[in-house]
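Below is one structure, written out as structure tokens; the observations come after it.
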């Protein structure tokens, strides 16, 4: 079975800005949400209000992964640096973006980012 694969890692402001521009017209409530998103909230004990409150805080985004899913679809993992950990929003860009997943991680984003950049260094 084919696995999801990270195709690209964006950590430069100009690359991140291009993706943010596509999301700016939308609020959290405008995003389509999948059943997997709601299942993941329960599974990871994520309070949806933290995702709603921080979605438009695009200046907190420090990293974006472009991911190819098993079914061939492309989505983007947006990593928002928070005071206590980080938030991840997994979004498929479409006419109306689709929120596939969203959760809060209580670990240091800088360490994760450094690890990922070393792994995907070109």
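None of the figures in this text is laboratory data; all of them are computed from the coordinates on show. Source: prediction; values computed, not measured. Virtual Cβ from ideal backbone geometry, glycine too; neighbours counted across all protein chains shown.
Between 38, 76, 86, the residue with the greatest mean-square fluctuation in the GNM of the chain (Cα pairs under 10 Å linked by springs) is 38.
Compute the FRET efficiency between residue 33 and residue 83 as 1/(1 + (r/R0)^6), taking r as their Cβ-Cβ distance and R0 = 22 Å, and round to the nearest 0.05.
0.30
For the options 91, 64, 50, a Gaussian network treatment of the chain with springs between C-alpha atoms closer than 10 Å singles out 50 as fluctuating the most.
Name the residues of region 90-120 whose amide N is less than 17 Å from a point 7 angstrom out from the Cα of residue 57 along the C-beta direction? So the set is 90, 102-110. Just one of (i) 0.93; (ii) 1.14; (iii) 1.33 is Rg/Rh (Cα atoms, Kirkwood Rh) calculated from these coordinates, so which is it? So the structure-derived entry is (i).
Grab the Cα-Cα distance for residue 106 and residue 17, subtract it from 0.36 nm times how many residues apart they are, and report the gain in nm with one decimal.
Numbers: separation 89, 0.36 × 89 = 32.04 nm, distance 2.51 nm.
Here the segment from residue 106 to residue 17 would lengthen by 29.5 nm.
Relative contact order of the chain, taken over Cα pairs closer than 8 Å and 6 or more residues apart, is 28 percent.
Hey, in the GNM for the chain with a 10 angstrom Cα cutoff, which one of 101, 11, 29 fluctuates hardest? The residue that fluctuates most here is 29.
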